[in-house]
1. What nm distance separates the two modelled labels at F390 and A96, each placed 7 Å from Cα along Cα→Cβ?
2. Averaged per residue, what accessible surface does the chain expose to a 1.4 Å probe, in Å²?
3. Got a number for carbon plus sulfur as a percent of the chain's accessible area, 1.4 Å probe?
4. Mind checking the dipole of region 101-240: about its Cα centre, +1 per Lys or Arg Cβ, -1 per Asp or Glu Cβ, Debye to the nearest 20?
5. Name the residue farthest towards the positive end of the dipole of the chain from the options G418, P211, G11, assuming +1 on Cβ of Lys and Arg, -1 on Cβ of Asp and Glu, about the Cα centre.
6. Setting aside same-chain residues fewer than 8 positions from K319, which lysines have a Cα under 27 Å from its Cα?
7. Pairwise over distinct Cα atoms, reciprocal of the mean inverse distance: report the Kirkwood radius of region 253-356 in Å, one decimal place.
8. Looking at region 109-217 from every direction and averaging, what is the projected area of its Cα convex hull in nm²?
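The values are calculated or read from the model by the stated rules, or taken from the named source; none is laboratory data. Owing to the predicted nature of the structure, the values given are computational and were not obtained by experimental measurement. Note that each Cβ is placed from the backbone with ideal geometry, even for glycine, and that neighbours are counted across all protein chains shown. The protein model used for the area step is the full one, side chains on, heavy atoms only, and it has no ligands, DNA or RNA in it. Shrake-Rupley method; radii C 1.70, N 1.55, O 1.52, S 1.80 Å.
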Amino acid sequence: MLRFEVFDATGPARSWPLVNAHLLGRDDRPLHGSVDFADGMIVCAPRESRATALALEYDAGPMGCYLLQTCLLSLRDEPYRLNQELARHRIKQYIAKSEEWLMFDPELAGDALDRWEQAREIFVEASVIGDPWQSESRHRDALVAAIDASERLAMAHAQILLHRRFGVKPASRNTFGIRIEPSLDPATAGEIVKRDFDVVVVPTNWRQMQPKRDAIDFAAVDRWMVWARQSGKPIIAGPLLRFLPDSVPEWALPSLRDPAALRDVAWTFMEQVVYRYREMVEIWNVASGLHMNELAPLEAEQRIDLTRRAAVLVRQSRKGARTLIEVVEPFGERVAAHAGSITPWEYLEQVISAGIKADCVGVQVVFGDHHAGRTTRDLMQLSSMLDRFFMLEIPVLISALGAPSHEEDPSGGRWRSGWSAEAQARWITRAVPIALSKPYIASVVWDRLVDGRGMGLPRSTGLLDDAGRAKASLGKFAALRKRLREPLGPLASVVARGGGPSIGAVGMGETETRGAPS
């Protein structure tokens, strides 16, 4: 048993929100077990008797509301204190990442180290306070300071790697992309896409393209394929396989329970799509989110067989055709609650072990909705998660990066003071540099162009609102793209110019309002 004391403003808590609460084992792998609240305590009952960590959404005041975790803790009868253990983990994580990133030098860490020292001092002070309520209040202060310190460290590390990567040569012409919704008219939306983005992701949504079994409607996708080719924009198309609620047509749902039937109907769709667009598409997204097992209860062999068939189909369609395998919900918390789901890392290991050749891996990173496993994370968590892809030794694309411009789901978390159009724009200037500072990440694709147009939640991740008006975030994204079109120069020269803007601060001022499609 694992128990945590929790307190509210008056003392022991009478209730406690357990948003996305789940258990973790070694290497942050989700574990099956129960998490409940009773008598002022969070009670955790893992199915296996071993060291366990608790992860749950937590309101860290001015720093934001994030899904945070404790360290691995021994099971015992005596309760732990939640704030103390959350703060302990974040202070420890700062040390671990400083060592991994070689950022112990105060000249490199800058004010992040000062803030971490403050967090550590508050933690020590809180640990000797006898009154548990007052102690937990100060441990919360230590947690807030530790989150602030770790975000600062993540940005300082990103600055160093960005200037190392793009100091003497600019980013490639395929670095910044946008995922469009085929129902948009390229005659109007195309002007913005052509001006501000390098790569176009054209979804081939099975549910939208084949609402009835006897015919596939190519009209909307055709328009964008033709437009992108004429405009000289590289195309990423797909996914060919995606068994999630927004992607499977109603008529095909019964086949999800029959592997042979599923293979046949999916193959018919994939074959027609691939051969229709084989001369236009640069990279095919052959499979997306198969590790989720949300609708189709696939065994490992069935999952790998479908992935292999899609990859082989693409390679046979045209010499030199390239493939991408996409994972969603990369933090993997859904695994703890959904039997049959596996983590993205397990799925990718299965793909590699099966000898399936993929030219790149796509990663969807979208925050602001707890139902889809997209509870908001802070910048250190984002950077740490992306670090795990280094071991794959193949290029990685952030195939969907997104954050909302207003709060859509109260339980979806928030960054800093809360999601807004201004916060979305500021977040872009941090998240995109963190992603591109990783040398194995080739491109960043924004989640959607227009609010409410496209797959998934939340709906307000667009760079344009639902009326087609540009948000501040469009200007920020375009400014980052423009800045990286030229070499950044050495980091020391940026500092020497008297505090000139770093890449992470590009576009932080007011931006012009750009024209947009209706």
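1. Result: 1.4 nm between the two label points.
2. 41 Å²
3. 51 percent
4. Once rounded to the nearest 20, the dipole reads 1080 debye.
5. The one lying farthest along the dipole's positive direction is P211.
6. K233, K357
7. 14.4 Å
8. With every direction weighted equally, the projected area is 13.6 nm².
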